[in-house]
Amino acid sequence: MVSLAEQWMLVPKLLSCSQSKRSEVTITGRFRSDSIFIDCNSQQTCQDCGCQIRYLENIKVKVTLSWNGERWFNAAYRGQVELYLISPRGTKSYILTNRPADRLQPETFTWEFKSVQTWGENPCGTFRLSFGTRTTDVTVKLESWHLTLYGTMEPPPSLQACRAAKQRF
């Protein structure tokens, strides 16, 4: 055990940064996107948010949506709203898919979602939040959204091990 402890590889320090955006994007029966840009300096670190993430671990997205079910008796419900987050590298995270059993009919709701689908990616660039419904019975308005990134400046040990193995072959 002592031998293993002497060789133990520590996990890099966890960093986080956040960006918020008020939005006025409204849709009826189709998908639209809004975006948050994570600005980077020449060393590829988050400049605007005061952190230095180069390798993502997870992302937290908090969205506030309002909606108007014009024909509420005709199945206009919260379960028709779908949300997708697209990372700067093109990874599409399905954070809220169509849910036929979710029939709550609020006027406004705020939800928080987490995704690990972008693990290991560099967060610099534009994150897009795509949202919509598959029906024209519901009008959805994105009021605001908040993006919190968690990650490290150095590659995680498992990512380092993958790179080392690739170099051997």
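Some notes on this structure:
- Segment 97-149: chymotrypsin sites (Phe, Trp or Tyr not before Pro) in DSSP loop, at most 16 other beta carbons within 10 Å: Trp119
- Using a simple spin-label model with pseudo-atoms 7 Å out from Cα toward Cβ, Thr135 and Asn58 lie 3.2 nm apart.
- Computed FRET value (nearest 0.05) for Phe109 with Val2, which takes r as the C-beta separation and R₀ as 35 Å: 0.05
- Of the GluC sites (Glu not before Pro) found in segment 89-144, those in coil by DSSP whose Cβ has at most 11 other Cβ atoms within 10 Å are Glu107.
All of the numbers you see were taken from the coordinates with simple rules; none came from a lab. Because the structure is a prediction, the values reported are computed rather than measured. Glycine gets a Cβ as well: all are built from the backbone with ideal geometry, and neighbour counts include every protein chain shown.
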